[in-house]
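A short write-up of the structure that comes next.
Each value in this text was obtained by applying a stated rule to the coordinates, not by laboratory testing. Model, not experiment: these values are computed from the prediction. Note that each Cβ is placed from the backbone with ideal geometry, even for glycine, and that neighbours are counted across all protein chains shown.
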Amino acid sequence: MVCAMAIAGCQTDTEPTPPPGTAFVPVYAAATQLHSIGFEGARPTVNAGKIYVYGTLLLQNELNEGIHLIDMRNPAAPAKLGFLKIPLCTELAVSNGYLYTNNYDDLLVYNLQASGGPALVKRIEKVFPPANQEYPPLFGVSFECPDPSKGVVVRWEQKSNVVARCRR
């Protein structure tokens, strides 16, 4: 009888489900959408990031979305000119009339002096390391195992009531 219990105790047909708790979950983006960039009409600022002033033009990062272009010729009444849609854009710099920014792991260079608005002049692929696809950037945390079929992991968010099956 003891032998039968010992053998039965070693069999694991299914892993027990851990109780829901706080864990990190991957945030996905479709790989086909990562490099879909363009110039659009002005839009409201929701998640403001860094700003840069170039002459009378103010550039404001919309975190992970792109860059607002704002006319500052009349500082008392700034006017939004348009929006550079750049998925996963988090940084920007300007030098000699060129805007440098990231698009996920690529570096983009725009000519800010082009007639008709900013013009993309160069894309340098895989300059920046992408977000970790396998686990969050912390040790000793529970997390939801990534599923590559859902897309590319672009960041990790901490959530409540998550059944975490992975741990780092």
request  = Would you list which aspartates and glutamates come within 16 Å of residue 126, measuring only between C-alpha atoms, while excluding same-chain residues fewer than 8 positions from it?
outcome  = 91, 105, 106
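Report the gain in length on full extension from residue 74 to residue 91: 0.36 nm times residue separation, minus Cα-Cα distance, nm rounded to one decimal. It would help to have the intermediate numbers written out before the result.
On the way: separation 17, 0.36 × 17 = 6.12 nm, distance 2.58 nm.
Going from the current span to full extension adds 3.5 nm.
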query = Which distance in nm do the two modelled labels at residue 63 and residue 139 give, with both placed 7 Å along the Cα-to-Cβ direction?
reply = 2.7 nm
Rounded if a/c under 1.5, otherwise prolate or oblate - region 83-122, Cα gyration tensor axes = prolate
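Rank the residues 101, 45 as a footprinting-exposure proxy: fewest other Cβ atoms within 10 Å of their Cβ go first. Don't skip to the end; give the middle numbers.
Working: 101 23, 45 16.
With the sparsest Cβ surroundings first, the list reads 45, 101.
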query = Along region 20-34, what does the Karplus equation 6.51 cos²θ - 1.76 cosθ + 1.60 (θ = phi - 60°) give for ³J(HN,Hα), rounded to whole Hz, x for Gly and Pro?
reply = x, x, 8, 8, 8, 10, x, 9, 9, 9, 5, 4, 5, 8, 4
Sequence ranges 82-95, 24-37, ranked by mean other-Cβ count within 10 angstrom, highest first = 82-95, 24-37
ask   = What are the ³J(HN,Hα) values, in whole Hz, obtained from phi via the Karplus relation 6.51 cos²θ - 1.76 cosθ + 1.60 with θ = phi - 60°, for each residue of region 62-68 in sequence order, with x given for Gly and Pro?
value = 9, 3, 6, 10, x, 9, 7
key: Dipole of the chain, positive end: most advanced residue of 137, 166, 108 [Cβ charges, Cα centre]   = 108
query = Out of residues 5 or more away from residue 89 or on other chains, whose amide H comes under 5 Å of its own, with H placed 1.01 Å from N in the peptide plane?
reply = 64, 65, 66, 104
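Give me the orientation-averaged projected area of the Cα convex hull of region 33-124, in nm², one decimal. Present the calculation step by step, with values, prior to reporting the outcome.
On the way: hull surface 22.2 nm².
Its average projected convex-hull area is 5.6 nm².
Roughly speaking, what % of Cα-Cα pairs in the chain are separated by over 25 Å, rounded to a whole number?
On the way: 6811 of 14028 pairs.
Considering the chain, 49 percent of its Cα-Cα pairs are separated by more than 25 Å.
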query = If amide H atoms are built 1.01 Å from N in the plane of the peptide, which residues on other chains or at least 5 residues away come under 5 Å of the amide H of residue 142?
reply = 24
